[in-house]
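Provided herewith is a single structure, encoded as C-alpha cells, for subsequent inquiry.
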Amino acid sequence: LIVLIFLTVFVLGPIFTISTEYWNSTHTWNYFFTNITASGVIYTLPGVFETDAFHDKAVNGSLWSISLEVSLYIYVFILMIAKVIHNKFLFNAFFFFVLILGFFNNAFFLDIFTHENYIHVSMMFLIGQFFYINRKDIYISPPILLILMILAASEYPNFDMIYNILLPYLVFFLGFLPEFRPFNNLKADFSYGVYLYGWPSQQIVFYFFSSQHNHIQTITAMTLALFFAIFSWYVVEKKAIKLKKLL
C-alpha cells in the first residue's frame, strides 16, 4: 500500500494531471498522508482523470476497503488479547451472538459503521474467521452446496441469510477442489497486488484506449494489473513478509 501510494502521487499523478497546481495543492498531500496511513480514504488527485471522458474520477476506488481492513485487524488483535480467538467455544459464542444481534437489532451496527455496506463486508470477514477456527468441523460437500444454491435461487423469504452462507461456502468449495490444488499451492500470491493496482490500471488503459472495445480494454487492464501485481509481490510483499521473523 505504501509503495502504491508513493507511485500514485509521485509518478502517476504528475504524468496524468491537467492541473498546474498539482504540487501546490493541499489535496495532493491529504491524499498522500490519509491513504498511506489507512486512516481514511481520499479518491481523487488534482487534475488526474478529471476530464469529461471519465465516468468515475477516482484515481484508485479500491482503496475504500483498506481502512476498514485495518480496523478489522485491530479487532482481531483485541480478540487475541482477550483469548477469544484461541478458544473455539468462546469464539463460536461470540460469533452467534453477533449474528443474532445483527438479525434482531441491525440499527446497532448502523451506529458503529460509517457506511452500511461495511456491515456486510465485516460480516464476511467474521464468517471467514468462523470457517478458519472451525475448519476441522466444516464439511465441503456438493450436496450441501446444491441445497444452498436451490434455496438461494428460489424466492426464499430470508434470501440475504442464505446468500451470506452460500457465498463463502462456494468460495471454499471451489478453493479446495482437487483441480485447484496446484494453483492454491503456488508460492507467489498476486491477489493483493491485483486488488491494489487493478483500478488505476483500468483508468490508465481507458485514458489511452477509450475508443477501443470494452473487451480490449478489459484484457489490456487485466494484463497491466497482473504486471504490477507481480512487481508488488516479488519486489515488495515477499520481502516484507520475511521481516516477520524479526518480530
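Between 0 and 90 degrees, rounded to the nearest ten: what's the tilt of helix 88-104 against the longest Cα principal axis of the chain?
On a 0 to 90 degree scale, this one is about 70.
Continuing with this model, one more query. Rounded if a/c is under 1.5, else prolate if a/b is larger than b/c, else oblate: which is the range 126-247, with a ≥ b ≥ c the root eigenvalues of its Cα gyration tensor?
In terms of gyration-tensor shape, oblate.
Specify which residue in the list Tyr234, Asn185, Met161 is farthest towards the positive end of the charge dipole of the range 158-247, using unit charges on the beta carbon of Lys, Arg (+1) and Asp, Glu (-1), about the Cα centre.
Tyr234
Counting only residues 5 or more places away or on other chains, whose amide H sits under 5 Å from the amide H of Val48 once H atoms are built in the peptide plane?
Ile18
Follow-up. Per DSSP H run of at least 4 residues, take -39500 (n - 2.57); add these up for the chain, divide by its residues and hand me the 222 nm value, nearest 500 deg cm²/dmol.
Computed ellipticity for the chain at 222 nm equals -19000 deg cm²/dmol.
Of the listed values (1) 17.5; (2) 14.1; (3) 16.4, grab the one calculated as mean projected area of the Cα convex hull in nm² from the structure here.
The listed entry that was calculated here is (1).
Sticking with this one: Net charge around Thr44, counting only other residues with Cβ within less than 12 Å of its Cβ (Lys, Arg = +1; Asp, Glu = -1)?
Here the count lands on -1.
If you don't mind, there's one more thing I want to ask. Give the relative contact order (percent, whole number) for the chain; include only Cα pairs under 8 Å separated by 6+ residues.
Relative contact order of the chain: 15 percent.
In degrees, nearest 10, range 0 to 90: what is the angle between the Cα axis of helix 142-153 and the longest Cα principal axis of the chain?
Approximately 70 degrees, to the nearest ten.
Could you give the dipole magnitude of the range 118-247 about its Cα centre, charging the beta-carbon of Lys and Arg +1 and that of Asp and Glu -1, in debye to the nearest 20?
About 780 debye.
Now for a different question. Name the residue farthest towards the positive end of the dipole of the chain from the options Val48, Leu1, Ile15, assuming +1 on Cβ of Lys and Arg, -1 on Cβ of Asp and Glu, about the Cα centre.
Of the listed residues, the answer is Leu1.
Leaving ligands, DNA and RNA out of it, rank Tyr156, Tyr207 by accessible area with a 1.4 Å probe, largest first.
Descending accessible area places them as Tyr207, Tyr156.
Of Trp64, Trp23, which has the most accessible area and how do the rest follow, probe 1.4 Å?
The ranking, largest first, comes out as Trp23, Trp64.
Helix 214-231: angle to the longest alpha-carbon principal axis of the chain, degrees 0 to 90, nearest 10?
Relative to the chain, helix 214-231 is tipped by roughly 80 degrees.
Something else about it: What is the extension gain from Phe6 to Val76, computed as 0.36 nm multiplied by their sequence separation minus the C-alpha to C-alpha distance, in nm to one decimal?
Here the answer is 22.4 nm.
Top mean-square fluctuation among Ala38, Ala188, Ala229, Gaussian network model of the chain, C-alpha springs under 10 Å?
Of Ala38, Ala188, Ala229, the most mobile in the Gaussian network model is Ala188.
With +1 assigned to the C-beta of every Lys and Arg and -1 to the C-beta of every Asp and Glu, and no other charges, what is the dipole magnitude of the chain about the Cα centre in debye, to the nearest 20?
That gives a dipole near 1220 debye.
Moving on to the next point. Label points 7 Å out from Cα along the Cβ direction at Lys83 and Leu247: separation in nm?
Roughly 2.4 nm, to one decimal.
If you don't mind, another one. What whole-number distance in Å separates the alpha-carbon centres of the range 133-204 and the range 209-247?
Cα centroid to Cα centroid, the span is 22 Å.
Please say if the range 1-105 is rounded, prolate or oblate, where rounded means a/c under 1.5 for a ≥ b ≥ c the square roots of the C-alpha gyration tensor eigenvalues, and otherwise the choice is prolate for a/b larger than b/c and oblate otherwise?
prolate
Next question. Asp137: accessible area at probe 1.4 Å, nearest 10 Å²?
80
Mind scanning Lys83/Lys244; Lys136/Lys242; Lys88/Lys136; Lys88/Lys242; Lys187/Lys239 and naming the pairs with a C-alpha gap bigger than 20 Å?
Pairs exceeding 20 Å: Lys83/Lys244; Lys136/Lys242; Lys88/Lys242.
Further question: Would you rank Phe89, Phe6, Phe97 by solvent-accessible area, highest first, keeping every protein chain in place and using a 1.4 Å probe?
Per-residue accessible area, sorted high to low, gives Phe89, Phe97, Phe6.
The values are calculated or read from the model by the stated rules, or taken from the named source; none is laboratory data. Quick caveat, the model's predicted, so the values are computed rather than measured. No Cβ is skipped: glycine too gets one built from the backbone with ideal geometry, and neighbour counts run over all protein chains shown. Surface areas here come from the heavy atoms of the whole protein model, side chains and all, with no ligands, DNA or RNA. Shrake-Rupley method; radii C 1.70, N 1.55, O 1.52, S 1.80 Å.
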